[in-house]
Structures are given as structure tokens and as C-alpha cells.
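Data block below; observations after.
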Amino acid sequence: MTRRDLLLLMLLPAFTACAPDRDTLPGDYSARNGEIEIRLRLGKDGKGVWSTDTDEIPFKWSRRDEGHIWLHTVAGGVIPGIIEGEDIRLTLPGVPPLVFTPLP
Amino acid sequence: MISPKDTPDAPGSLTGTDRQLFHLKSLYEASSALAVPARPADLLRAFLPVAMGPLGLTFGFGILLHAGALTIESLGLQPPAADLYRASGLDLVHKFFPEDAAPAHPSRPVILAGEHLSHDPNLPMGTAAVIALSMGAGTHAVLGFGPKVAGVPLDADETRLLDGLASVLGHALNNATAMECVRDLNTSLARRNDDLHRALGESERAREALSRHTLQLRALYETTLEMIDIHEPGGILDAFLLSLMGTLSFTGGWIALYGPGHGRAEAVCRGLAPCVREELVSETGRGAVLARFVALKDRIPHANHACLVDDPEERQALPAQADAAVLFTLDQGWQGAIGLSAPLSGERDDELLDEDARQLLHSLVANFMVTLGNARQLDLIRELNSELAARNVDLQTTLDALTSAKREIDVQTKAKEHLVALVHGEVERVWRASWLDICLILLAGATLGILYNLSSPGGIDLVPKSLLAPPPVMIEAAEARRLARDDKAVIIDARPGDFFLQGHIPDAVNLPEDLFEFVYSMKLSDLDPAVPLLVYGRNISRRYDADVARQLELLGHERVLLIKGGLDAWNGLGPEEAP
């Protein structure tokens, strides 16, 4: 093993640590809008479900650069979101920002 | 001197040898008496007794014409006779020596003797002998003698004695006139020497003045030569100040130049503290110098003119020390001052500069102003050239842009012509297309549409649902406002969020079609189905309100109404009045 190979081997964990963790977003999240509790499920296949006590809305999701996430509605709309650590902040027209925290 | 009384009883009683000895002694004594330096008139006065004594004559007189002056002496004549000859003496001289025949050189004396003389009316009564003497050059003498005391006429020896005495007098007069001539010459020479000394003094002064003028001209020439190669005003100020100090022998000096407007000042100084320059270019310095111009009032320098500041108080008011100062004006906009201090001579009085120095200073400042004016004009020309060059660059850029635009226009014109020709060709080709081509195009379009709808979740309906659905119920904007106020209806803005943010009906809920389900679940899911829903939002190409209204009806809402005219009609109602 040459010295260069050794250096690359040592840097590989660092590169791995710095790379975005695409597998950490999928999962179940929960948020509240007044008395309404919203559950958000992000599937690993890019599909998701927005559900309340009365509705269950399918969508697709994608991760953007610099900590952003987009929810693509079936009707062609986009709900932008910001990834804040483990939480996701989503904004809907006329609705206060919804902060989704991961469910255990 | 031997007087007739000292002689024996009578000269005629002497023997021949004794008589000759007596005559020789008389001649000797006459020569001795007349040998002393004296004026011709004095000699004439001394001669009469010397001649009359040895011969024992009763009277004698002499008339001398010398240098235009007549001298008459007499001895033994009664006063009336003497006065007569004082009046006619000149005629008597001219009788013997006519003016047109006056000899130019001394001649021997002429003796006239005889009885006829005693009866001549022009001579005193009893005249026994007359002697005429000419010393030449306007000096003549006429002598007359009376008879002997013994009453006998003069014999031959006595006549010779008289002739000898006349010769002695002639020589004495010649010597006297010569001495007088020498004296006159000496006097004239002394006078001429004085004149010469005076002329030499004037010549020396003229030479000194010429030297000063030469020095001034040289200083002017060298100063001009030094400044003529400098084209920058600051350099000219510095070079002129140095030259001025050297020419007028000052160890310090300064020049300040002020232009129109504040902040335009230049100054140089030498032999003074460095802070002097800061003081000169400051607003305080500018004000102090320009105040001197105001103080001059009607004597203020005109354009390209300068004046010396003679008043010591005015010089003290300048912003820097000045034992001699000049104010100058280049033109209406540029004025300045020059100050010189600490003269090498150490004198600090009001008359530090004499007239020559003042004139030289005037000439130097005049040259300085011409050179400085030329430099400023050159600067102005340079600035104008720079502006012209910049404008030329801008013009060239504009021309390039116009040329480029023209080329682009040409290209676009050609492209347009090409496109028009192409469209015309295509139109013609379309008209030539067969039904099979059209069918293939429609088939391809339908296939692409179906594929897109299959791949896109929000696909495009082949026929808009709003066209297939039953027409929504419309409501006038005024009625909608009343309904919203009385029945607590909910107003729904169906447009996309961007339009909503630009403007909407107050209290309206933004419910875009593409986010319908999400927003509905958050805002309207708990709403009573009986509550009226007033929907608005459409434009030429999209009918958001109809699509959203249809979805709301599908969700069970009983009264979904579209506001006729939408937001514009609502806003056209004006502000809502308070109930």
C-alpha cells in the first residue's frame, strides 16, 4: 500500500461523514396546527402521505440543496420546506409555519 | 631808484661816461622795478615815476589797452587834464594802433619827440614825447611825457634812454601779458579740469547706471530663460521665487496664487517655516490676501498687472512675513501675492528697495505673469484636449454600437426575410400537405398528450372539467359582500399564492387548486357544509374559481357561489361602509 492509498483510506471516513445523509429524512413526523394534528410520512421511495383525522393526502417528495425539501402535490403544486436538524418546517398559504418533528 | 633830486644839479652837467653810467643805472633800476610779477596796469603805474625821474620830466601819462580793457595812469597832470584823457584814451590808442591794422606780434616801441607835439590838441599841453608800444594780440600802450623841468628838449642820449626804458616797459608788459595769459590759461585749464572731473564723475555714474541696467537685463534674461522651459504652474512659482530671491538678495520668500472658487490655491515658500505654506493655501490665507486687493479699492491691479505694497501695515496684514510685497492679477479669476523677507543687507526700513530695484521687481513680475499665464493656458488646452479625447472615445463607442446595431438589424432583417420566405414556403407546403400528413400529425399529438398525462400526476385534461361540469352559480359582487357580512360566508381566493400576495379581498382564504387538499385540510375541513362559500379568481386563460368551486361542491359544500367580476368587481364597490 502506497502512502497515497493510505491517505485516501484515512480521508474516506471524513468524506463519508460530510456527505448528506439521504437516509435520515424518511420516516414519520408530526406537527400541530391549533387543534389539528398532522402526521407526515416520508417514504424512502420518494412517496409520502399527509394525514389528519379527516384526510389522507398522497404526495411525492424530493430533497433539494442546502437543507430544503419539496412536497409535490398530485395537482402539480409544490409545498416548500426547510430541514432544521431533525425537524422539517413547511409553509402553506394562510397557515402558520408547520414544524414537523420526527416520531419515535 | 634814482630820483632827479638825487642826481647832481642836472643830468646834463654829467660827463659822458658818468651820464652813460647814470642811464645804465636808470635802466637797471627800471628793469629791477618792473621785474616783479605784476599786472600790466600795475606795471604802467610803476613805470611812470621810473621813467620821469631820471629824465626830470614834469608829467607823464600812460594808456594801456589790454584784453579789451582800458587802463589810464598819469603822474604830474592836473585833474582836469587827467579826466580828459581818461575819456579819450581809447581814441588815442586807436589813433596809433587802428583796429584793422593792429600788429599781431610785439614790435619795438615808437618814440615821437619834438616841438610839434606840444601843440597837438589830442595831447596834453606841453607834451614833449610820445611812446607807442604794441605787445601784439590786442595789447597796446601809449605813453606821453611832458617837458623837462629844466625846460630844455630831450637830447639824443635822453631819447635813447627813453627808448630803452620803453623797451624795458615793453618787455615787462610782454611778460605780464604772457603771465596773465598763462594765468588765464591756468584758470581756464583748472576750469576745464573741473569740467573734466565733473564729466568723469557723470561718466562714472553713467557707467554704474549702465552696469545696473546690464545686471537687471541679465537677471530678466536669465529668469525668463529659466522659466520658459517649465510648463507646469507649480514649477514656475518655485523657479521664479528662487530667481527673485537671488536677484534682489533676500533669504526668504513666498508666492501664493488663488483661483476662482474655494479650494483652488497654490503656494510655494523658501527660507520660511514649512507651516507657512499650509497657512498660505488655507481659507484664512486666501481671505487675508484677497482683503489686500479690496483695501486697494480703485488702485486694484487689473488683468496681467501688478503693484508693490508700500504700506508697512498692509504688508503686516499678509498671511506670511514680507519686507517687500507685490500683489498681482493674472485675470479676473486668478490673483496672488509675492512676499520677500530677511534681506541679506540686514536692513528693514521702508525704503528697502531703491527705484532701480523696484523697476527690476516690476519687470520680473511682469515676465513671471506672462509665463504663468501661458502655463495656465497650456493646462487649459490640455484639459480641453483630454475632455475632447474622452468624448471622442465615447463617440467612437457610440459609433461602434450603432455600427454593431446596424449589422444586427441587417442580420435580423435578413433573418426576418428568411423566416418570412420560410413561412411562406411552409404555408405553401402545408397547403400542399395531404390528408394523410394531417392525420399523422393529429395522431402524434394525441399520442404525446396521452403519454404525458400518464406520466404526470397532474396531467392536462383533454376536455376541461369546468366545461363538462354544470355551470356554477354566479353572484353579483354587491350581493356577495352583503352575504359575507350577514350570513358569515367564507370568501375563497382560488388564484395561485403569488397572485394572492399581490392583492386580495380582506379575510379571504387563499385556496390554490394545486394545493387544494392540503390547505382545505388545514383551513376548511371543519367548516359547516351549509356555510356559503364565495369563490373568485380567474383570468383570460385560467378559470381557477370554477375548478376550485367544483372541488368544493364535490366535498359536500351546499352553497358554493362564484363572485361575478371577481376581485375587480369587488374593489369597484369601494370601501365597505360600517353597519
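The values are calculated or read from the model by the stated rules, or taken from the named source; none is laboratory data. Since the model is a prediction, treat every value here as computed from it, not as a measurement. Every residue, glycine as well, gets a Cβ built from its backbone with ideal geometry; the counts of neighbours run over all protein chains shown. For accessibility, only protein heavy atoms count, side chains too; no ligands or nucleic acids. Shrake-Rupley method; radii C 1.70, N 1.55, O 1.52, S 1.80 Å.
Remarks
- Qualifying residue in the stretch B:108-131 (condition: of a type in the set (Asp, Glu), open to solvent by less than 10 Å² (accessible area, probe 1.4 Å) and assigned to a helix (DSSP H, G or I)): no
- Flag for A:Asp28 being more than 14 Å from chain B (Cβ to nearest Cβ) and at pLDDT 85 or above: yes
- Candidates B:Leu215, B:Leu196, B:Leu210, B:Leu165 - the one that is out of contact with any strand residue (DSSP E or B) (no Cβ under 6 Å at 6 or more places or on another chain), in the same structural domain as B:Pro40 (by the TED database) and either part of a helix (DSSP H, G or I) or exposed (fewer than 15 other Cβ atoms within 10 Å of the Cβ) (or both): B:Leu165
- Selection status of A:Ile83, more than 12 Å from chain B (Cβ to nearest Cβ), open to solvent by less than 40 Å² (accessible area, probe 1.4 Å) and either more than 12 Å from the chain's Cα centre (by Cα) or among the aliphatic types (A, V, I, L, M) (or both): yes
- Qualifying residue in the stretch B:91-106 (condition: surrounded by fewer than 14 Cβ atoms within 10 Å (Cβ to Cβ) and either assigned to a strand (DSSP E or B) or aliphatic (A, V, I, L, M) (or both)): yes
- If only residues of the stretch B:424-438 that are of a type outside the set (Phe, Trp, Tyr) and open to solvent by 80 Å² or more (accessible area, probe 1.4 Å) are counted, the one that is modelled with the lowest pLDDT is B:Val430.
- The conditions of being in a helix (DSSP H, G or I), under 26 Å from B:Ala325 (Cα atoms) and touching a residue at least 12 places away in the same chain (Cβ under 8 Å) are not met by B:Ser345.
- Flag for B:Ala317 being at negative phi, open to solvent by 20 Å² or more (accessible area, probe 1.4 Å) and at pLDDT 85 or above: yes
- Some residue of the stretch A:45-59 being hydrophobic (A, V, I, L, M, F, W, C), away from chain B (no Cβ under 12 Å), open to solvent by less than 70 Å² (accessible area, probe 1.4 Å) and over 20 Å from B:Arg495 (Cα atoms): no
- Residue in the stretch B:26-51 that is least open to solvent (accessible area, probe 1.4 Å), counting only those that are more than 18 Å from B:Val142 (Cβ to Cβ) and touching a Phe, Trp or Tyr at 6+ places or on another chain (Cβ under 9 Å): B:Ala30
- Residue within the stretch B:257-274 that is under 19 Å from B:Arg358 (Cα atoms) and among the hydrophobic types (A, V, I, L, M, F, W, C) present: no
- B:Gln78, sole failed condition from (1) modelled with pLDDT of 85 or more; (2) open to solvent by 10 Å² or more (accessible area, probe 1.4 Å); (3) of a type in the set (S, T, N, Q): (1)
- Filtered residue count, the stretch B:470-504, keeping only those that are farther than 14 Å from B:Leu562 by Cβ and away from chain A (no Cβ under 14 Å): 8
- Only listed residue being at pLDDT below 90, within 10 Å of the chain's Cα centre (by Cα) and of a type outside the set (S, T, N, Q), chosen from A:Arg89, A:Arg64, A:Arg41: A:Arg64
- Selection from the stretch B:543-556 of residues that are open to solvent by less than 20 Å² (accessible area, probe 1.4 Å) and under 16 Å from B:Val519 (Cα atoms): B:Asp545, B:Val548, B:Ala549, B:Leu552
- Scanning the stretch A:86-97 for residues that are without any contact (Cβ under 8 Å) to a residue 12 or more places away in the chain, touching a Gly at 6+ places or on another chain (Cβ under 9 Å) and more than 9 Å from chain B (Cβ to nearest Cβ) yields a total of 1.
Residues are listed down the side, and each one gets a yes or a no for (1) among the charged types (D, E, K, R); (2) in contact (Cβ under 8 Å) with a residue 12 or more places away in the chain; (3) within 14 Å of B:Leu64 (Cα to Cα):
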position: B:Glu115; (1), (2), (3): yes, yes, no
position: B:Ser118; (1), (2), (3): no, yes, no
position: B:Ala128; (1), (2), (3): no, yes, no
position: B:Ala132; (1), (2), (3): no, yes, yes
position: B:Ala137; (1), (2), (3): no, yes, yes
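- Each residue in the stretch B:505-527 was checked for being more than 7 Å from every other protein chain (Cβ to nearest Cβ) and at pLDDT below 90, and 5 pass.
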